[in-house]
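Chemist: Got a structure here, written out as structure tokens. Questions coming.
The values are calculated or read from the model by the stated rules, or taken from the named source; none is laboratory data. Computed from a predicted model, the values in this text were never measured in an experiment. For neighbour counting, all protein chains shown are included, and Cβ atoms are generated from backbone atoms with ideal geometry for every residue, glycine included.
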Amino acid sequence: MYTWKIPPRIKVLEALGCIADGRIKFVGEKEAVVVSSTGERSYKVTWDGGKAIMSTDNGSLYRGYLGYPSIAFLMLKGILPFDKKLAEALKGIPWKKLNETYKKYRIVEEKVKIIAKERGVSPEELDRFVAKVMKAIREQKFVKLEV
């Protein structure tokens with residue numbers, strides 16, 4: 001059984017933005033479709049109701065880490081922490097454009113923190129929340145759902 005790698009920190013913020021944007025649609029108890037930030041792609045998330053989950057996003061398929069669609073799904077299921085205030089501060093962020101422009105998640109995270117700060121959420125608040133989610137991901141040891 002394949003245990004998902006720990007995702008880059010930015011994926012937690014991307015999951016919050018995805019939820020705030022209303023880009024995740026449940027198509028059943030254990031299935032959802034997540035639309036990309038540009039709207040040109042969609043990813044399927046499938047879950048077994050426990051620790052096994054699968055998503056068709058690039059991070060999951062090609063890099064082996066728990067991708068933002070899965071993180072968003074697990075947040076909405078109450079399995080991973082969620083914060084509506086922080087999500088709202090990350091609404092409408094052009095993730096793909098930022099990732100392609102800066103090519104380093106660390107730089108993208110800094111840019112996103114500036115936007116969030118302008119919207120009333122401090123970088124420290126985001127850091128604390130990301131740490132909490134990353135800890136939960138490490139502790140829960142999610143596995144790849146074989147579909």
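Chemist: Does Pro69 satisfy the condition of being touching a Gly at 6+ places or on another chain (Cβ under 8 Å) and within 23 Å of Lys111 (Cα to Cα)?
Modeler: no
Chemist: Checking Asp57 against (1) closer than 25 Å to Asp127 by Cβ; (2) touching a residue at least 24 places away in the same chain (Cβ under 8 Å); (3) surrounded by 17 or more Cβ atoms within 10 Å (Cβ to Cβ), which test does it fail?
Modeler: (2)
Chemist: Looking at Ile71, Ile79, can you tell me which residue is in contact with a Leu (Cβ under 7 Å, 6 or more places away or on another chain) and more than 18 Å from Ile114 (Cβ to Cβ)? Step through it out loud before you land on a result.
Modeler: Working: Ile79 fails: in contact with a Leu (Cβ under 7 Å, 6 or more places away or on another chain).
Result of the check over Ile71, Ile79: Ile71.
Chemist: Tell me, please, whether a residue that is assigned to a helix (DSSP H, G or I), surrounded by 21 or more Cβ atoms within 10 Å (Cβ to Cβ) and modelled with pLDDT of 95 or more can be found in the range 18-30.
Modeler: Of the range 18-30, the ones assigned to a helix (DSSP H, G or I) are 18-20.
Right, trim to surrounded by 21 or more Cβ atoms within 10 Å (Cβ to Cβ) and you get 18-19.
From the residues that got through so far, the ones that are modelled with pLDDT of 95 or more too are 18-19.
Within the range 18-30, one or more residues are assigned to a helix (DSSP H, G or I), surrounded by 21 or more Cβ atoms within 10 Å (Cβ to Cβ) and modelled with pLDDT of 95 or more.
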